[in-house]
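Here is the structure we will look at, set down as structure tokens.
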Amino acid sequence: MSDITDRPRILVIHGPNLNFLGTREPETYGATTLADINETLQRTGDTWGVDIDTFQSNHEGMIVEAIQAIAASHQGLIINPAAYTHTSVAIRDALLLLKMPIVEVHLSNVHKREPFRHKSLISDVCTGQIVGLGSMGYLLALEFIVKTIRKQSESA
Ligand code: DQA
């Protein structure tokens with residue numbers, strides 16, 4: 001059933017250790033906290049007429065369950081699975097359940113870093129990937145998803 005406000009809903013998932021953004025390796029991940037990122041996304045989403053839900057977990061299974069839960073309730077997903085990007089077949093398989101735009105975001109440019117970070121197990125099941133643009137990557141992902149949802153509803 002559609003939401004009472006009928007506003008599109010977008011989920012933002014943050015993986016392990018991203019709850020320490022701001023203090024965790026700021027030279028790599030920047031000084032912006034997770035709360036700041038979420039607040040900016042929510043404020044921007046509000047201006048653009050979409051509802052933003054955010055979720056952070058350090059547990060792979062919780063992330064899988066968060067993905068499974070949105071198949072019918074949300075219209076887009078932004079996901080930074082953090083270290084699970086490079087290891088999680090379970091998260092990849094869960095993403096395959098969704099029929100909506102999915103943008104993979106990484107704050108750092110993983111391709112400039114250690115070789116084990118060059119491989120993402122989810123890139124080819126996402127609509128696109130944004131890396132290395134810091135917290136701005138989330139906003140760009142949001143803009144893409146909102147425009148895609150609008151285009152879909154115009155042609156429906
Ligand atoms: C990250 C990159 C991953 O390799 C790392 O494990 C993270 C954060 C990023 O946003 O740059 O925790 O996903």
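The numbers here are math on the coordinates, done by the rules we state, and not lab data. Note that the structure is a prediction, hence the values are computed from the model and not measured. Positions of Cβ are backbone-derived with ideal geometry, glycine not excepted, and every protein chain shown enters the neighbour counts.
Quick notes
- Computed from Cα positions, the angle between helix 60-69 and the longest principal axis of the chain comes to roughly 10 degrees.
- Descending Cα extents along the principal axes, region 55-122, whole Å: 37, 21, 19
- Cα centre as origin, Lys/Arg/Asp/Glu Cβ charges: the chain dipole, Debye: 360 debye
- Gyration tensor verdict on the chain (Cα atoms; rounded if a/c is under 1.5, prolate if a/b is larger than b/c, oblate otherwise): prolate
- Qualifying lysines (Cα of each under 23 Å from Cα of K99; at least 8 residues distant if same chain): K147, K151
- 222 nm mean residue ellipticity, helices alone, for the chain (DSSP H n ≥ 4; -39,500 (n - 2.57); rounded to 500): -10500 deg cm²/dmol
- Qualifying trypsin sites (Lys or Arg not before Pro) in region 66-136, DSSP loop, other Cβ atoms within 10 Å at most 10: K99
- Length-normalised contact order for region 1-64 - Cα pairs under 8 Å, 6+ apart - percent: 46 percent
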